[in-house]
1. What GluC sites (Glu not before Pro) in the range B:233-312 are in a loop by DSSP, with at most 14 other Cβ atoms within 10 Å of the Cβ?
2. Using amide H atoms built 1.01 Å from N in the peptide plane, name the residues 5+ places from A:K306, or on other chains, whose amide H lies under 5 Å from its own.
3. Run the quick spin-label model on B:D575 and B:E446: label points 7 Å from Cα toward the beta carbon, then report their separation in nm to one decimal.
4. Please work out the FRET efficiency for the pair B:T587 and B:N466, using the Cβ-Cβ distance as r and a Förster radius of 30 Å; give the result to the nearest 0.05.
5. For the residues A:T68, B:T297, B:T501, what sequence is obtained by ranking on other C-beta atoms within 10 Å, fewest first?
6. Taking chain A as the reference, fit the longest principal axis to its C-alpha atoms, fit the long axis of helix A:443-453 to the helix C-alpha atoms, and give the angle between the two in degrees, 0 to 90, nearest 10.
7. For the range A:363-430, take every pair of Cα atoms, bin their distances at 5 Å starting from 0, and report each bin as a whole percent.
8. For the modelled label position 7 Å from the Cα of A:E272 along Cα-to-Cβ, which residues of the range A:233-247 have backbone nitrogen atoms closer than 20 Å?
Amino acid sequence: MKMPNLEHPAYPAATLLHLESLVPCRESQVSMLLSIFGERQQFSFPSIFIYGHTSSGKTYVMQTLLNTLKLPHVFVNCVEYFTSRLLLEEILIQLQSCCSEAEQTSHVPCDSFNDFVRLFKQAVGSQELQDQTLYIVLDRAEQLREMEANILPAFLRLQELTDRNVTVVLLSEIVWELFRPNTGCFEPFTLYFPDYSIGHLQKILSQSHPPEYSADFYAAYINILLGVFYMVCRDLKELQHLAVLNFSKYCEPVVNGEANERDTRKLWKNIEPHLKKAMQTVYLREISSSQWERLQRDDGEPGQLKGLSAHTHVELPYYSKFLLIAAYLASYNPVRTDKRFFLKHHGKIRKTNFMKKHEKTSNHLLGPKPFPLDRLLAILYSIVDNRVAPTANIFSQITSLVTLQLLSVVGHNDQLDGPRYKCTVSLDFIRAIARYEHGSASVKTERAQTANEYR
Amino acid sequence: MSTCSVSKGCFVFKPSPKKRRVSQKTANYFGERKNGSDDAELRFATCQSLWNQIKSETEQIQEDLNKQLLDNLVSFLRQSHSEFRERTAEWNCRMKTREIPTAALILGVNVTDHDLTFRSLSEVLQNNITPYIALLEAKDCPGIKNLMQKLMGQLMNCYVDVDSLEDEDYVQVSQSRIRCSMTSLINWYESVTKKKDSETPSKKQTTSSRHLQSPPVVVIFKDMESFTTKVLQDFVVISSQHIRELPLVLIFGIATSPMIIHSLLPHSVSSLLCIELFQSLSCKEHLSTIIDKLLLTTQLPFKLGEKVLQVLINIFLYHDFSVQNFIKGFQLCVVEHFYSQPLSVLCCQLADAKKRVNSLSHDQCENIRRLPSFRRYVERQVSEKQITLLTEDNFLKETVQKLLEDLHVYHENYVSVLRCLHVFTSSLPKYPLGKQIRELHCACLENRVWETEEYESSLQLARMLNKSDLVTMLQQCVEIFVSSSGKEFDKTVEKLKEFLTQFQTLEAEAFQEHDVSVSSQKELQKKTDLYHLQKTLLELKESRRSKKLTKFEMLRFEVVDYIDSLVRKYLVPADHKTLHEIVYFNTASVLREHLNAAPRIALHTALNNPYCYLKNQALKSDGGNISNKAPDICIAYKLHLECGRLINLVDWLEAFSTVVVSAERPNADVPSSDQVDDIIHARFIRAVSELELLGFIKPSKQKTDHVARLTWGGC
């Protein structure tokens, strides 16, 4: 029997070996955790903060560790229980059910942390847990910062507050420095989970091969997959998903009898362009994975199916188009140029001093600037050829454009006099709209726009 | 409380009275105007039934148009969770991340129409897929907490509806006590589905035939754009963690473009979704169908005049793209017509109208005699007939019956010929008479279409059509006429068919002609003599100049002329027809006033010309001068119009007091009182603060004792 890398006197070697096989590439972190936890009845560090990038195995490792070693624990996702009350109640409910399966006591309202401490003591005291450390794992702990100010410091000191053998584990994607409240608090023990390297990814992904095919065959496939996707995506879950989606295509030559499992070059030639296409479509969620699978089955070209970003054109009523164009011009042209672009007899402007230095950088790089309603309407009246009556319909269209998120209101929403807006659409969008209205769009618009572009 | 308004503001919600007898009350309004003598009740009843007919018709149209979309969605929902239900044991299902099936529903920018679509969508889903549907709106969900509350409230209530109130005690869990978290939702779902399984077998059959075994829970986000990023993200993240226990399907209602999903959700969240796209019909097509089915038929006795139709279409195209608003405008036309026109009692099906003519009162007969179109008709008659028409009611009634019949026949013919003309004009380059049939319809209603330049140029273009196009058009016209209800078209159809056969014979002749020309060419080659050659060339040239038209060209001319004659005969504008006032609604100004409100202009009119609203004879002014009897605010307003951007308050007060004083003491010597009267001062201050409230001026810090004007433009 192989000696396990993990060693701990409190647990049998077989369990540890099993645990090790479940958490590949995370052995050092696990052994670190085990040594902090100590034996079952020993008091552990009051709070542990574990951080690391997305899908670096924080949640998975914690869950497997606690489950395999059968340690009493409570696992809560802070996104799901979005208020402190929900969170505390959920912990109590889980505590009740994890200790005594038999009775489902009616749920007790828990409004404050004070109540929580009291109820927690009761719950722990009544169970046979006194001699074991209880672990409370709070996943996505960054949400705690948005709850009441006392929640996070209180959790960090829970051991002291309740005087029970309990350890709180916080899992997060951001570093501890961003958590620390400015009033100060108990510093938890921090532990970093580094990203998986390409070798780690290869190892982990190859582990779960389909039963019909050999491990080597699948490992070769994973190798190709990582070759394509590693540059853009290191998310283990996403890679796993992509691997499953495209595996049937990889096997196709083998199933059809055109190649055998060792014919790597042929298989590579078959799959590589396919994966590249997947990177542009499925990976970006341009088309959904079920659509992708359907395409694979029917052997269709992904070109037939238009992705989400292909549908960019938005049909707008006549005046909405002009309002949007006017808003765009107001957002990206300096106020001083309005007279020049939109007035018939604007007089001569000296070229040399016309542009100030800072205006010479492209306005598109600086982003839209806010403008008042009056300016928007003035430009609108100027760019529409015929007279526009200031009817309620025109004004309501501005509000509609705001709800459609094509414009956005700057400042507070209930400032009724002198509202200010920003145009949030891109140049391409405006171009597309202007093209459709080209017949009637006046030259002024064009001129103002081109002046804008080539600045 | 919700409004259908798109703008911000204060809204008054009146408590709805328990039971209002709406119909009776409104019927009384109809009679109010002229002592109830003009068949008010009958008119009201006609109006109601007509509107009901229109309403059901439009709803039917909408349903037909949405059918394709709804079918696609239903099949998507059917498939969405079936895969996992069947093959959970397989390797690739086990390994794949379970994404939340999501339908991105692109509905177009006409947000007011979406409600109807969502209503029919949830109806269809309820009938075919699942009883568990929640409709969420952004304004109800500023935070994830509100969203969950709303979601659970809707889902748990829907259970009651489905199970026909059988076991109320189960559902009557007071909602405030339910913990609004995903776990309680899952518990609820489990208990509900388990219960279904243990139901009596007969009942189980009925439900399972309609719904799936474990029906998905459908959550519809009505206005995706307005949701905040955080709420959506959190919801997606939470529900993706429980997708195995709770088969959730999301539907995003999108008004702009599906790109909004990517801009609202980061990749880490959108990768949890399995998004498929569904596109609804464009609203322009919807409008065309409505116009086609509602206005260009003889089904409805009520018609829209040219100006009115133009106003409605303009509001649609220029402002909102909303078909619902178009229909509401149409409803307003109907009501306004029946309300304002006493003779609209005859605006019903022909058979009914004839009966009603017989029972018309004397007053109503006088009303008929007063109609301009009828007076024109009378003037055209011989003098004895004129007298009888104007004096004898019975004779008048007979004539009116005949005229109504004429009008009906005119409509029947009009529609067919209009469609026929549209076949021609819609395929011409640059569309001189418009691409859509509604444009052609407006042009024909406006005035004699054959007198317009556009018509002339389209005829010119039609004379240049090639043969295959012409033949297909003629065939289309034949179809239109055959299927039309008009009785006069037998001859027309015959004539058109004759044209078609002529074209076919032409084809046969074309070969022979070709031979002839070839032989003449050969003759030409034979001449080697220079003199002869010159002579024949000259002859050829001569013949070409005064060249006789080929047979095809002759025939083409004939066809176009024939169509022209049809147009001249049948597409006479409606207001040239006698008694058109009965069925046509033509007061566009009323409609414009109601539908295209101009608050600035109304305010200006009220302040500038108070007589317009107050109807006080003393205020009737004859021009720009400031009447001193007007309300104070009007005087202040008029004075401020004469100022520049900054207004000196002292000058303004002085001018104000001069105007007011001259009113009260016209002959008193003004210079005596240098100090302004306190009361006048107070009145002035009130007027100024009222103007500030209305947003015409605001206090300015640039100069002391000055206020800034917020509007531009003088009197």
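1. Passing both the DSSP loop test and the Cβ count: B:E245.
2. When sequence neighbours closer than 5 places are left aside, there are no close amide H contacts.
3. It is 1.3 nm.
4. Details: r = 46 Å, r/R0 = 1.52.
Plugging the Cβ-Cβ distance into 1/(1 + (r/R0)^6) gives 0.05.
5. Ascending Cβ contact count within 10 Å gives the list B:T501, B:T297, A:T68.
6. 50
7. 3, 14, 24, 28, 19, 10, 2, 0
8. A:233, A:243, A:246-247
Each reported figure results from applying straightforward, stated rules to the coordinates on display, with no laboratory input. What you see is a predicted model, and the numbers here were worked out from it, not measured in a lab. Counting neighbours? That spans all protein chains shown, and the Cβs are built from the backbone with ideal geometry, glycine included.
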